[in-house]
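Working notes for the structure below.
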């Protein structure tokens, strides 16, 4: 899966996690997910979906990088699963 495909898939997961309130197109356009309307419940759903789909563990309460943009999420996955299939763990600031 290429970077463009990964970005599109993560954008879809954001939309699904928010029950469609935030569109994948809006996420792909960039900017803060909080500003787009992703609330704390949506973020938890998104983290669960990413963990299930990519076999990684994301620690929201641990030290690490913030998860506020699509680029943050793509960078996070690239850091823990360079081939998007390797299990790993990473801390995310939330």
Extreme residue, farthest from residue 31 (Cα to Cα), among residues of segment 47-74 that are at pLDDT 80 or above and loosely packed, with under 13 Cβ neighbours inside 10 Å: 52
Breaking point among (1) at pLDDT 95 or above; (2) part of a helix (DSSP H, G or I); (3) more than 12 Å from residue 69 (Cα to Cα); (4) touching a helix residue (DSSP H, G or I) at 6+ places or on another chain (Cβ under 7 Å), for residue 6: (1)
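Name the residues in segment 9-29 that are out of contact with any helix residue (DSSP H, G or I) (no Cβ under 7 Å at 6 or more places or on another chain) and closer than 17 Å to residue 78 by Cβ, would you?
9
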Segment 10-31, residues that are over 22 Å from residue 52 (Cβ atoms) and touching a residue at least 24 places away in the same chain (Cβ under 8 Å): 30, 31
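The values are calculated or read from the model by the stated rules, or taken from the named source; none is laboratory data. In this text the structure is predicted, and so the values were computed from the model without any measurement. In this analysis, Cβ positions are derived from the backbone assuming ideal geometry, glycine residues included, and neighbour counts consider all displayed protein chains.
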